[in-house]
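Comments concern the structure below.
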Amino acid sequence: NYTIRKDSTINYGGKINSLVPSRLKQYLKYFYDNPMIFSKYYRCGGAAVMLSSAIKDFKNNRNTYKFLEKTFLNRYCMLAINLQNFPNDPLGYKRYLSIAKKYAKDHNIGAFTLVQSSVYYWIGLVLISSKISLKNFLKTPFYIYQILKDKSYTKKYKFDIDNYWDRDYALRVLKHKSYKLGILISKIY
């Protein structure tokens with residue numbers, strides 16, 4: 001469930017002004033000028049902060065920590081480790097990445113990140129979100145070129161994800177139209 005309020009990072013409504021709060025618009029340049037990609041980064045960063053805080057604050061309270069593991073921490077971790085898929089970190093969220101990676105290793109989390117590190121996912125994401133504005137639409141070929149040339153994205157489209165906790169989340173991403181569109185477009189380029 002989400003609480004959607006004015007100037008919230010999740011309040012999209014189809015308008016660029018409602019997707020990224022005005023106080024954060026200066027950071028769009030680090031994310032292909034794409035508010036949807038920036039919003040994903042912001043969400044991953046928030047999850048990383050929450051994961052780090054919860055681990056730090058409750059690691060000595062065994063019962064509460066076990067409850068958090070069963071309810072929140074795995075999901076926060078799944079989102080937080082996606083920070084490694086963003087080439088830029090203007091808000092400094094990656095400082096929490098080591099905690100997230102350790103938790104991911106200890107709890108066998110990582111399928112979602114594997115899939116979202118794919119060049120196909122990023123191409124599809126840029127294509128789908130190019131409809132946000134004419135500016136984004138016109139710059140889409142340039143952004144796709146940048147993604148294809150960036151060495152940090154993986155070029156494979158099949159993943160060994162069967163033994164991960166977050167396997168089902170990863171399978172959903174593999175079925176997205178944007179992911180399939182990314183595969184199709186990358187063949188053209």
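Quick notes on this structure:
- With respect to the stated conditions, Ile132 fails to be assigned by TED's automatic domain parsing to the domain that holds Tyr179, β-branched (Val, Ile, Thr), within 19 Å of the chain's Cα centre (by Cα) and buried (at least 21 other Cβ atoms within 10 Å of the Cβ).
- Scan of the stretch 56-85 for residues that are of a type in the set (S, T, N, Q) and either assigned to a loop (DSSP other than H, G, I, E, B) or in contact (Cβ under 8 Å) with a residue 40 or more places away in the chain (or both), ordered by number: Asn60, Asn61, Asn74, Asn82, Asn85
- Selection over the stretch 138-151 of residues that are surrounded by fewer than 13 Cβ atoms within 10 Å (Cβ to Cβ) and in contact with a helix residue (DSSP H, G or I) (Cβ under 9 Å, 6 or more places away or on another chain) gives a count of 2.
- Count of residues meeting criterion [over 13 Å from Gly182 (Cα atoms) and either among the hydrophobic types (A, V, I, L, M, F, W, C) or assigned by TED's automatic domain parsing to the domain that holds Leu83 (or both)] in the stretch 135-154: 3
- Checked against the criterion of being buried (at least 21 other Cβ atoms within 10 Å of the Cβ) and closer than 30 Å to Lys139 by Cα, the candidates Ile81, Ile109 yield just one match: Ile81.
- Flag not set for Ile123, criterion: surrounded by fewer than 20 Cβ atoms within 10 Å (Cβ to Cβ), within 24 Å of Lys151 (Cβ to Cβ) and not assigned by TED's automatic domain parsing to the domain that holds Leu24.
- Each residue in the stretch 160-181 was checked for being under 16 Å from the mean Cα position of the chain (by Cα) and among the β-branched types (Val, Ile, Thr), and 1 pass.
- Residue count for the stretch 169-189 under the criterion of being over 14 Å from Lys155 (Cα atoms) and charged (D, E, K, R): the result is 3.
- Leading residue by the ranking (surrounded by the most Cβ atoms within 10 Å (Cβ to Cβ)) among those in the stretch 152-187 that are part of a helix (DSSP H, G or I) and aliphatic (A, V, I, L, M): Ala170
- The condition of being in contact with a helix residue (DSSP H, G or I) (Cβ under 6 Å, 6 or more places away or on another chain) and part of a helix (DSSP H, G or I) holds for only one of Ser129, Ser53, Ser98, that being Ser129.
The values are calculated or read from the model by the stated rules, or taken from the named source; none is laboratory data. For clarity, every value in this text was computed on a predicted model and none was experimentally measured. Methodologically, a virtual Cβ is constructed for each residue, glycine included, from the backbone with ideal geometry; neighbour enumeration extends over all protein chains shown.
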